[in-house]
Amino acid sequence: QVQLVESGGGLVQPGGSLRLSCAASRNILSIGTMGWYRQGPGKQRELVAAITAGGITNYADSLKGRFTISKDNAKNTVYLQMNSLKPEDTGVYYCNARGALWEFNYWGQGTQVTVSS
């Protein structure tokens, strides 16, 4: 089992930045892929960005250039740096940990991000 604890959400003005953190309860090098998803008001949950154990990254096309996913293996933590935030980035951001062969799939509790003036 993997526990995931997100932090770093909050209220930010348009154009601002936030960095989300996701701390995992086990060695993230043993986790196939870790990712960030978001769910806006009235919308389905969607992929924001993901990073494999080997460090390969993947982003939603619409977010490339503004969001950056990274990880610190020593701290078992994955980060999401979000820049030039827009009101449409508002939503609950969830951390996900998935086995390389989909043998497990865990979610964090989510952290709220609100972009508003």
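For Lys75, give me every one of the lysines with a C-alpha distance below 29 angstrom, ignoring sequence neighbours fewer than eight places off in its own chain.
Cross-link targets: Lys64.
Could you please put Glu103, Glu6 in sequence from largest to smallest accessible area, using a 1.4 Å probe? Walk me through the intermediate numbers first.
On the way: Glu103 115, Glu6 10 Å².
In descending accessible area the options line up as Glu103, Glu6.
Show the residues, 5+ positions off or on another chain, whose built amide H is closer than 5 Å to the amide H of Thr90.
Here the answer is Val115, since their amide H atoms fall under 5 Å of that of Thr90.
Sequence-distant or interchain residues sharing an amide H contact under 5 Å with Gly110, placed H: which?
HN-HN under 5 Å from Gly110: Glu6, Cys95.
How would Arg66, Arg45, Arg19, Arg26 rank on accessible area, largest to smallest, probe 1.4 Å?
Details: Arg66 35, Arg45 95, Arg19 125, Arg26 75 Å².
Order by accessible area, largest first: Arg19, Arg45, Arg26, Arg66.
Between Gly91, Gly42, Gly55, find the one with the highest GNM mean-square fluctuation for the chain; connect C-alpha pairs within less than 10 Å.
Between Gly91, Gly42, Gly55, it is Gly42 that shows the largest mean-square fluctuation.
Springs between alpha-carbon atoms under 10 Å, Gaussian network over the chain: tell me which of Val12, Val78, Val48 tops the mean-square fluctuations.
It is Val12.
Which of the aspartates and glutamates could be linked to Lys43 by a straight reach, that is with a Cα gap under 12 Å, when you skip same-chain ones fewer than 8 residues away?
Within the straight-line cut-off, Lys43 pairs with Glu88, Asp89.
In nm, to one decimal, how far is the Arg45 label point from the Ser30 one, both placed 7 Å along Cα→Cβ?
2.3 nm
Heads up, I need the accessible area for Ser84: 1.4 angstrom probe, whole protein in place, Å², nearest 10.
Ser84 exposes around 60 Å² with every protein chain in place.
Charges at C-beta only: +1 for Lys and Arg, -1 for Asp and Glu. How large is the resulting dipole of region 19-117 about its Cα centre, in Debye rounded to 20?
In debye, rounded to 20, region 19-117 gives about 120.
What residue among Ala49, Ala97, Ala74 shows peak mean-square fluctuation when the chain is described by a Gaussian network model with Cα springs under 10 Å?
Of Ala49, Ala97, Ala74, the Gaussian network model singles out Ala74 as fluctuating most.
Cα atoms only, the chain: Rg and Dmax in Å?
13.4, 43
Using Cα centres only, tell me the gap between region 76-110 and region 1-18 in whole Å.
Spelled out, the Cα-based centre of one part sits 9 Å from the other.
The values are calculated or read from the model by the stated rules, or taken from the named source; none is laboratory data. Bear in mind the structure is a predicted one, so any value in this text is a computation, not a measurement. Note that we place each Cβ from the backbone using ideal geometry, even for glycine, and neighbour counts take in every protein chain shown. The accessibility values were calculated without ligands, DNA or RNA, using every heavy atom of the protein model including side chains. Shrake-Rupley method; radii C 1.70, N 1.55, O 1.52, S 1.80 Å.
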